[in-house]
Amino acid sequence: MTTELVVNVLNQACETRTVKAGLILHTDLGSQYRSTALETALKQHAIRHSYSKRGYPYDNSVVESFHVSFKKEEVYQRTYKDYHEANLAQFSYIDGFYNSRRIISADGYLTPDEKEQLVS
């Protein structure tokens, strides 16, 4: 994962989602997340940056839980012909299923989209 990819995803998210000043982005300590380019983009969108403690995965348990579901429900269930097919299938899983239809027990059995609407 490159810094350019992270900045592009952040910018896309800010274009398609409601982003209020003071929103907090929580990441691990990967070099792409500590880059000047990302910090600049976060400032442009008035987003605060929070980091996990080194060697403490519990700080990022929500993302770790998503990765487990993503791998079990999509990635390990398929063989992709090429990058393009993998990209489309994984986008479809995240945007077409996970965010809009998969309920999350920790969020009161709401989908991520429903939870976002409550806090927006």
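What the table shows:
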quantity: Pair list, Cβ < 9 Å and 6+ apart or interchain, from segment 44-59 residues that are at negative phi and loosely packed, with under 11 Cβ neighbours inside 10 Å to residues that are among the small types (Gly, Ala, Ser) and modelled with pLDDT of 85 or more; calculated: TYR58/SER52
quantity: Count of segment 87-120 residues which are surrounded by fewer than 14 Cβ atoms within 10 Å (Cβ to Cβ) and among the aliphatic types (A, V, I, L, M); calculated: 5
quantity: Any hit, segment 19-37, residues being surrounded by 12 or more Cβ atoms within 10 Å (Cβ to Cβ), hydroxyl-bearing (Ser, Thr, Tyr) and over 18 Å from GLU4 (Cα atoms); calculated: no
quantity: Identity of the residue in segment 89-116, part of a helix (DSSP H, G or I), hydrophobic (A, V, I, L, M, F, W, C) and within 28 Å of ILE24 (Cα to Cα), that ends up nearest to the chain's Cα centre (by Cα); calculated: ILE94
quantity: Matching residues in segment 5-58 - criterion: being in contact with a Leu (Cβ under 8 Å, 6 or more places away or on another chain) and part of a helix (DSSP H, G or I); calculated: VAL6, VAL7, LEU10, LEU38, ALA41, LEU42
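The values are calculated or read from the model by the stated rules, or taken from the named source; none is laboratory data. Not measured: the values here are computed from a predicted model. Please note: Cβ atoms are built from the backbone with ideal geometry, for glycine as well, and neighbour counts cover all protein chains shown.
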